[in-house]
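Asker: Take this structure first; my questions come after.
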Amino acid sequence: MNIRCRFILFVAPVALALASWLPNTVAAAELQEAQVTQVVQDVKVVPSNAAPRPAAVKDTVRPGTAVQTGTQSRSELTFKDKTITRLGEKTIFSVGQGARTIELGSGQFLLYVPKNAGGAKIKMGAVTAAITGTTVMGNVTPSGIVEFTVLEGSACIHLDQVGQALSVQAGQKIVYDPVANRLEDPVDVDIQQQLSSPLVSDFRRLPSAGMIDEAIHNQRGMANDDLARAVSAAGAGSIETAGPEQFLGAFNSLVVRYGPREACALVARAVRARPDLADRIVVAALTAGHPVRGYSKDFKQPAGKEIPCDSVQCIVQAAINADPSAAQEIMDAAIAAAPMLRECIQAVTPCPTHNAFVQPYIIAPIDPANFVPPPVSPEQPPTTSGGD
């Protein structure tokens, strides 16, 4: 009997430790192995210790194995968590050694990371992009120039060697030039034009196609139509001239009817339209139609009606992406509105929004005209160059 009890006491903590460790390990492993799901013309699998061989559908690609495409060739790889990587011509791609990291040596790529899949990092030479539930495209030239475009969602781009990081939103492109050794300011691009790329048009429809369409809709200035109508119904002349209560009343009339994904899109649209109300828009979205844990005296809410953590994070992230300069105010307002979800909200990590480039320290040569000799003590008179 005592042996059985001791065995149970030993097994229980081990099982608990495994239960807490296993999900993270599985999530990381899901981006450690990909299967080739499409091959167009000249595509090769290049093992680290073997000769290249032609790639075939259902081939498995693991760390230490690269995929290389030839001229006018393309390929698609799909990971266990449904992350999709598409490679353009003359591209070299490999699964990174780090957890949830993939590496692009050179060439063109498209990367789709599903929502709630744990995110991913893509290394492009000196540049690393952190991606969570996003669809992006990019190109790395042989000279090291990196072009990175977000089709939907957002990404945080890092240039670690100079400590630079920058947020890139849907419909924006950022360029890294190794000669200047810095990330340039993001510029706007037409998302619809990006969809003419063979990485989109020559493959099956992306799972994120609906979200890309929505990003196009937002980019073309049509996204505020429903909000404009609601504001007009509230008695205001326009979104810009609406009083805070008029605008928030119009926003509330819409958000209570929207599902989680539509609510996040509405938050982004509302914050872009009225950044002066960003914090109040987030609070309204968190509390409209959903009890928030922490409001009642006993901190209990009817089961199934409280707002889930992933919806909270979606709302907060959407607001920050729409107005990154108000990130701290948005986070503070969300925590005040949902104090029992503090850890959930704090897990949202804003990316720097200003292109704060760290200037390298340069030792300038001494100008003889400005040179002041060190002081000479009275005990040691100055030396003279000429003879007496």
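The values are calculated or read from the model by the stated rules, or taken from the named source; none is laboratory data. Source: prediction; values computed, not measured. Reconstructed Cβ throughout: ideal geometry from the backbone, glycine too, with neighbour counts over all protein chains shown. Surface areas here come from the heavy atoms of the whole protein model, side chains and all, with no ligands, DNA or RNA. Shrake-Rupley method; radii C 1.70, N 1.55, O 1.52, S 1.80 Å.
Asker: Quick one: would you say Pro207 is in contact (Cβ under 8 Å) with a residue 40 or more places away in the chain, within 26 Å of Leu77 (Cα to Cα), under 18 Å from the mean Cα position of the chain (by Cα) and surrounded by fewer than 17 Cβ atoms within 10 Å (Cβ to Cβ)?
Answerer: Yes: the conditions hold for Pro207.
Asker: Kindly list the number of the only condition in (1) within 17 Å of Tyr176 (Cβ to Cβ); (2) within 18 Å of the chain's Cα centre (by Cα); (3) open to solvent by 10 Å² or more (accessible area, probe 1.4 Å) that fails for Gln108.
Answerer: For Gln108, the exception is condition (2).
Asker: Residues being closer than 19 Å to Thr132 by Cβ and open to solvent by less than 30 Å² (accessible area, probe 1.4 Å): count how many of those fall in segment 170-182.
Answerer: Selection size over segment 170-182: 2.
Asker: Ok, one more. Where residues in segment 241-264 are within 30 Å of Cys309 (Cβ to Cβ) and assigned to a loop (DSSP other than H, G, I, E, B), which of them is modelled with the lowest pLDDT?
Answerer: Across segment 241-264, the extreme among qualifying residues is Gly259.
Asker: Residue under question is Arg269, and the condition is that it be among the basic types (Lys, Arg), closer than 13 Å to Ala318 by Cα and either within 28 Å of the chain's Cα centre (by Cα) or at pLDDT 90 or above (or both); does it hold?
Answerer: yes
Asker: Out of all the residues in segment 76-105, which are in contact with a helix residue (DSSP H, G or I) (Cβ under 7 Å, 6 or more places away or on another chain) and buried (at least 18 other Cβ atoms within 10 Å of the Cβ)?
Answerer: Arg86, Gly88, Arg100
Asker: For the subset of segment 238-277 comprising residues that are out of contact with any helix residue (DSSP H, G or I) (no Cβ under 7 Å at 6 or more places or on another chain) and either among the charged types (D, E, K, R) or surrounded by 20 or more Cβ atoms within 10 Å (Cβ to Cβ) (or both), which member is nearest to Gly133 (Cα to Cα)?
Answerer: Looking at residues that are out of contact with any helix residue (DSSP H, G or I) (no Cβ under 7 Å at 6 or more places or on another chain) and either among the charged types (D, E, K, R) or surrounded by 20 or more Cβ atoms within 10 Å (Cβ to Cβ) (or both), I get Arg261.
Asker: Listed residues Arg274, Arg229; which is in contact (Cβ under 8 Å) with a residue 24 or more places away in the chain and either touching a strand residue (DSSP E or B) at 6+ places or on another chain (Cβ under 6 Å) or not small (Gly, Ala, Ser) (or both)? I'd like the intermediate steps shown before the answer.
Answerer: Values: Arg229 fails: in contact (Cβ under 8 Å) with a residue 24 or more places away in the chain.
Being in contact (Cβ under 8 Å) with a residue 24 or more places away in the chain and either touching a strand residue (DSSP E or B) at 6+ places or on another chain (Cβ under 6 Å) or not small (Gly, Ala, Ser) (or both) holds for just one of Arg274, Arg229, which is Arg274.
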